[in-house]
1. Quick check on my filter: what residues within the range 74-118 are touching a Leu at 6+ places or on another chain (Cβ under 6 Å) and open to solvent by 20 Å² or more (accessible area, probe 1.4 Å)?
2. Ala31: at pLDDT 90 or above, among the aliphatic types (A, V, I, L, M) and part of a helix (DSSP H, G or I), yes or no?
3. Please verify whether Met1 is outside any helix (DSSP H, G or I) and either modelled with pLDDT under 95 or within 20 Å of Ala132 (Cα to Cα) (or both), treating the condition exactly as stated.
4. I'd like to verify a number: residues in the range 18-28 that are part of a helix (DSSP H, G or I) and surrounded by fewer than 10 Cβ atoms within 10 Å (Cβ to Cβ), how many?
5. Out of the residues in the range 45-65 meeting the condition of being of a type outside the set (A, V, I, L, M, F, W, C) and in contact with an Asp or Glu (Cβ under 8 Å, 6 or more places away or on another chain), tell me which one is surrounded by the most Cβ atoms within 10 Å (Cβ to Cβ).
6. Can you tell me which condition Ala121 does not meet? The list is (1) under 17 Å from the mean Cα position of the chain (by Cα); (2) open to solvent by 70 Å² or more (accessible area, probe 1.4 Å), and all the others hold.
Amino acid sequence: MSDRPADKRAGFARWLAGKDCTDCWKAARDADTESKEEWLAAKRAAEQEAALAWSKQFDMPHLEGPEKALDWGERSRHQLMTAAHTALVVEGDWDEADWAELEEKARAIARAGWWIDQREADGPDLLELLDAATEADCGTQNPFR
């Protein structure tokens, strides 16, 4: 406290009295980190389950790529496709025929990394992104090869 001006010491002391000591603060922070990690793991598991159910329901092909990217790619594809459907069909002026055409293009993209790269894209941009995809993004199971 000696490095503080005399007129600011009392206020700082009152503020400090309401705070945890460094050891207590670190313990609380570490406990909070563990609960955040548990919450995040549970959230990812629920998202993964929803993505797999969606993939099966809409006959989406399995993705290809490194093992650690597959789940992330599935979640990214599900989130982007859902956002696109909401924006283009539910809130937009697309009909189911337009959507079916987009779905077929999406089925051709088998590389998990492509879906991960597009994870922050807006739903209405999906058609343009699919049109820009290269043959390398289609993977080995591309029915259009």
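The values are calculated or read from the model by the stated rules, or taken from the named source; none is laboratory data. Just so you know, these numbers come straight off a predicted model, no measurement behind them. FYI the Cβ positions are ideal-geometry reconstructions off the backbone, even for glycines, and counts take in every protein chain you see. Note: accessible area is taken over every heavy atom of the protein model, side chains too, but ligands, DNA and RNA are not part of it. Shrake-Rupley method; radii C 1.70, N 1.55, O 1.52, S 1.80 Å.
1. Trp94, Lys105, Gln118
2. On the way: at pLDDT 90 or above: no; among the aliphatic types (A, V, I, L, M): yes; part of a helix (DSSP H, G or I): yes.
So Ala31 does not fit the description; no.
3. On the way: outside any helix (DSSP H, G or I): yes; either modelled with pLDDT under 95 or within 20 Å of Ala132 (Cα to Cα) (or both): yes.
Taking the combined requirement at face value, the residue satisfies it.
4. Looking only at the range 18-28, we keep the residues that are part of a helix (DSSP H, G or I), and these are 22-28.
Still in the running and surrounded by fewer than 10 Cβ atoms within 10 Å (Cβ to Cβ): 22-23.
The total comes to 2.
5. Here is the first cut: in the range 45-65, the ones of a type outside the set (A, V, I, L, M, F, W, C) are 47-49, 55-57, 59, 61-62, 64-65.
Subset that is in contact with an Asp or Glu (Cβ under 8 Å, 6 or more places away or on another chain): 48, 55.
Working: Gln48: 15, Ser55: 17.
Per the criteria, the residue is Ser55.
6. For Ala121, the exception is condition (2).
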